[in-house]
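Laboratory data are not the source of any read-out in this text; all were calculated from the coordinates shown. Quantities reported herein were computed from a predicted structural model and do not represent experimental measurements. Here the Cβ positions follow ideal geometry from the backbone for every residue, glycine too, while neighbour counts run over all protein chains shown.
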Amino acid sequence: MWDDGTIWLGARDGRLSLRACADCARICHPPLPMCPHCQSLRWEQQAAAGKATLISWLVSLHPGDAAASHSTVIVVRLDEGVNFVSNLSGASVDALYEGMALDLCFENAGDLTLPVFRPAGGTA
């Protein structure tokens, strides 16, 4: 399986699956071919709890079309202890603050299911 396949296949099934080393059990994200801790090449899937804390964000604008819709790209710290890059859903960028609690949700984008995050409790 390709390195990030765990994430995409898990998202299709409604879960955020991370790669955990089958030998030392540490999560490796972003995915790498070899465990950076013990150099194992054996992997298992570990489902993330779906809770995260907002670290940083930016608003992505289309460079040639100011009227095009924009997205808010976020960096979160998953409760599992790794950082994850995703998109914001269901909140205004004006409501964001560092340390904000977020919950995992999923959105369809054509043939892909994307893991995205919204403010915890569903309100912004």
*Treat the count of other C-beta atoms within 10 Å as a stand-in for reagent exposure and order Arg118, Arg19 from fewest to most.*
Arg118, Arg19
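Per the helix-only calculation at 222 nm, which mean residue ellipticity applies to the chain, given -39500 (n - 2.57) for every DSSP H run of n ≥ 4 and division by its residues, nearest 500 deg cm²/dmol? Each step should come with its number before you reach the end.
Numbers: 1 runs with 8 residues, N = 124.
It lands at -1500 deg cm²/dmol.
Which of Cys28, Cys105 has the fewest other C-beta atoms within 10 Å, and how do the rest follow up to the most?
On the way: Cys28 20, Cys105 15.
With the fewest neighbours first, Cys28, Cys105 line up as Cys105, Cys28.
Please compute the alpha carbon radius of gyration of region 49-119, then divide it by the globular-protein estimate 2.2 N^0.38 Å. Two decimals is fine. Working shown, then result.
Values: Rg = 12.5 Å, N = 71, 2.2 N^0.38 = 11.1 Å.
With N residues counted in region 49-119, Rg over 2.2 N^0.38 Å equals 1.12.
Counting Lys and Arg as +1 and Asp and Glu as -1, what is the net charge of the other residues whose Cβ lies under 12 Å from the Cβ of Gly10? Could you put the intermediate results ahead of the total?
Numbers: positive: Arg12, Arg15, Arg19; negative: Asp4, Asp13.
For residues surrounding Gly10, the net value is +1.
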*asked:* Using +1 at the C-beta of Lys and Arg and -1 at the C-beta of Asp and Glu, which of Ser71, His29, Phe117 has the Cα lying farthest in the positive direction of the dipole of the chain?
replied: His29
_Largest first and in whole Å, what are the equivalent-ellipsoid semi-axes of the chain based on the Cα gyration tensor, each being the root of 5 times an eigenvalue?_
28, 16, 13
*Label point distance in nm, Phe106-Asp65, each placed 7 Å from Cα along Cα→Cβ*: 2.8 nm
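Under a Cβ-Cβ cut-off of 12 Å, what is the net charge of the residues other than Ile74 that fall near it, where Lys and Arg count +1 and Asp and Glu count -1?
Numbers: positive: Arg77, Arg118; negative: Glu98.
Net charge around Ile74: +1.
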*Roughly how big is region 1-47's charge dipole about its Cα centre, with Cβ charges of +1 (Lys, Arg) and -1 (Asp, Glu), in debye to the nearest 20?*
60 debye
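Can you put Asp103, Asp111 in order, fewest other beta carbons within 10 Å first? List each step's numbers first, then the result.
Working: Asp103 17, Asp111 6.
So the residues, fewest neighbours to most, are Asp111, Asp103.
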_For the chain, Cys with no neighbouring Cys Cβ under 4.7 Å_ = Cys28, Cys105
*Which value, in debye to the nearest 20, describes the size of the charge dipole of the chain about its Cα centre when Lys and Arg Cβ atoms bear +1, Asp and Glu Cβ atoms bear -1, and nothing else is charged?*
240 debye
